[in-house]
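The values are calculated or read from the model by the stated rules, or taken from the named source; none is laboratory data. None of the values given here were measured: they were computed from a predicted structure. Note that we place each Cβ from the backbone using ideal geometry, even for glycine, and neighbour counts take in every protein chain shown.
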């Protein structure tokens with residue numbers, strides 16, 4: 001018997017290593033991977049597919065920088081011999097055609113030397129994810145449950161053969177660890193990004209989970225694919241929930257999802273010649289928190305719905321002079337007045353598009369599901 005270490009990094013492969021010496025035992029794909037055909041067992045290096053480095057032309061590559069499995073916790077059960085992880089199927093279009101050949105990162109801004117499309121919205125329905133039960137010895141899928149959206153949190157498996165996982169849609173689920181059968185779920189009022197934990201006090205077992213939407217998929221990615229849930233920045237109620245088999249506490253009332261309405265006054269005329277330059281400034285400085293295409297996933301205010309970018313003086317006071325620094329908005333004193341105007345026209349352009357889409361589509365109910373059953377086995 002080999003004392004092993006298992007790891008599923010972002011690149012789409014599941015690795016099994018000898019933990020005593022680091023020797024690679026096996027590595028297989030767990031998701032769609034278009035940049036490599038496999039792993040060289042002698043060197044441990046990926047076997048790259050031609051075009052994986054997008055030489056000369058943009059390339060749509062799986063997985064995206066968010067990974068086939070991101071930072072979300074995976075779990076392992078010695079009882080079932082399976083690993084349980086949230087799998088992501090999301091591509092990104094890589095393009096370095098507009099990047100200067102002598103590029104050097106000037107500061108700590110988001111500037112990866114390649115365009116991965118964060119200047120535009122990530123549409124609803126982009127990317128999928130699932131809860132994957134993987135056999136590390138046989139390197140194959142045992143079962144898989146599809147999940148809504150692409151940014152779902154980590155897992156926990158218990159000695160009672162239950163797998164728990166929260167969801168971006170606000171539900172906490174419990175599954176049979178051997179079969180993947182859904183046994184229970186409950187709506188908790190907001191998106192979930194944290195994994196559950198379990199512990200015991202005086203012989204009684206509890207399951208706890210933090211509720212609140214966050215992480216790179218919410219702040220850096222954002223876009224309509226994440227904003228679709230309605231977990232807006234100031235509308236989220238973040239809570240800690242704890243469950244037990246005989247819990248009797250009453251669930252709190254939940255606020256309905258909130259969807260910021262983009263402001264698009266007819267008197268503001270967007271200058272399209274300034275939009276693309278403003279897009280580059282936004283990606284380098286603002287996308288970290290305010291989301292792809294200025295569509296916030298809930299980590300920061302949606303700038304399309306803010307009145308501040310309507311007026312250059314107001315935008316300057318916030319962005320350059322730090323008017324909202326006490327509330328968490330950093331200042332960018334290096335911005336010139338001309339750059340602020342470019343940024344303004346990009347934000348207003350995205351707001352106009354968002355307003356058109358909002359007027360064309362009926363509102364949908366994202367309130368989520370209520371509890372449908374009780375756990376019938378020990379956790």
- Note on the structure: Picked from region 264-279 (must be under 26 Å from the mean Cα position of the chain (by Cα) and buried (at least 18 other Cβ atoms within 10 Å of the Cβ)), the residue modelled with the lowest pLDDT is 279
- Query: Within region 45-56, is even one residue more than 13 Å from residue 93 (Cα to Cα), under 23 Å from the mean Cα position of the chain (by Cα) and touching a residue at least 12 places away in the same chain (Cβ under 8 Å)?
  - Reply: no
- Note on the structure: Within region 277-310, residues in contact with a helix residue (DSSP H, G or I) (Cβ under 6 Å, 6 or more places away or on another chain) and outside any helix (DSSP H, G or I) come out as 295, 296, 297, 298, 299, 300
- Task: Check residue 138 against each of (1) in contact (Cβ under 8 Å) with a residue 12 or more places away in the chain; (2) exposed (fewer than 15 other Cβ atoms within 10 Å of the Cβ); (3) within 30 Å of residue 17 (Cα to Cα); (4) out of contact with any strand residue (DSSP E or B) (no Cβ under 6 Å at 6 or more places or on another chain) and name the one condition it does not meet.
- Result: (1)
- Item | residue 30 vs. criteria buried (at least 16 other Cβ atoms within 10 Å of the Cβ), within 19 Å of the chain's Cα centre (by Cα) and assigned by TED's automatic domain parsing to the domain that holds residue 143 | yes
- Output the number of residues of region 185-200 satisfying the condition of being surrounded by fewer than 19 Cβ atoms within 10 Å (Cβ to Cβ) and closer than 12 Å to residue 163 by Cα. 2
- Residue that is modelled with the lowest pLDDT, among those in region 81-115 that are within 30 Å of residue 166 (Cα to Cα), surrounded by fewer than 18 Cβ atoms within 10 Å (Cβ to Cβ) and out of contact with any helix residue (DSSP H, G or I) (no Cβ under 8 Å at 6 or more places or on another chain): 93
- Matching residues, region 1-14, being touching a residue at least 24 places away in the same chain (Cβ under 8 Å) and either in a strand (DSSP E or B) or not assigned by TED's automatic domain parsing to the domain that holds residue 145 (or both): 4, 6, 13, 14
- Might you let me know whether region 238-258 holds any residue that is touching a helix residue (DSSP H, G or I) at 6+ places or on another chain (Cβ under 8 Å), surrounded by 14 or more Cβ atoms within 10 Å (Cβ to Cβ), modelled with pLDDT under 95 and not assigned by TED's automatic domain parsing to the domain that holds residue 89? no
- Message: Exactly one of these conditions fails for residue 145: (1) more than 30 Å from residue 350 (Cβ to Cβ); (2) assigned to a loop (DSSP other than H, G, I, E, B). Give me its number.
- Response: (2)
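Listed here are the residues, each with its yes/no results for (1) in contact with a strand residue (DSSP E or B) (Cβ under 9 Å, 6 or more places away or on another chain); (2) assigned to a strand (DSSP E or B); (3) within 19 Å of residue 15 (Cα to Cα).
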site: 32; (1), (2), (3): yes, no, yes
site: 41; (1), (2), (3): yes, no, yes
site: 47; (1), (2), (3): yes, yes, yes
site: 50; (1), (2), (3): no, no, no
site: 53; (1), (2), (3): yes, no, no
site: 65; (1), (2), (3): yes, no, yes
site: 73; (1), (2), (3): yes, no, yes
- Message: I'm trying to understand the selection: among the residues of region 317-339, which are farther than 20 Å from residue 262 by Cβ and part of a helix (DSSP H, G or I)?
- Response: 317, 325, 326, 327, 337, 338, 339
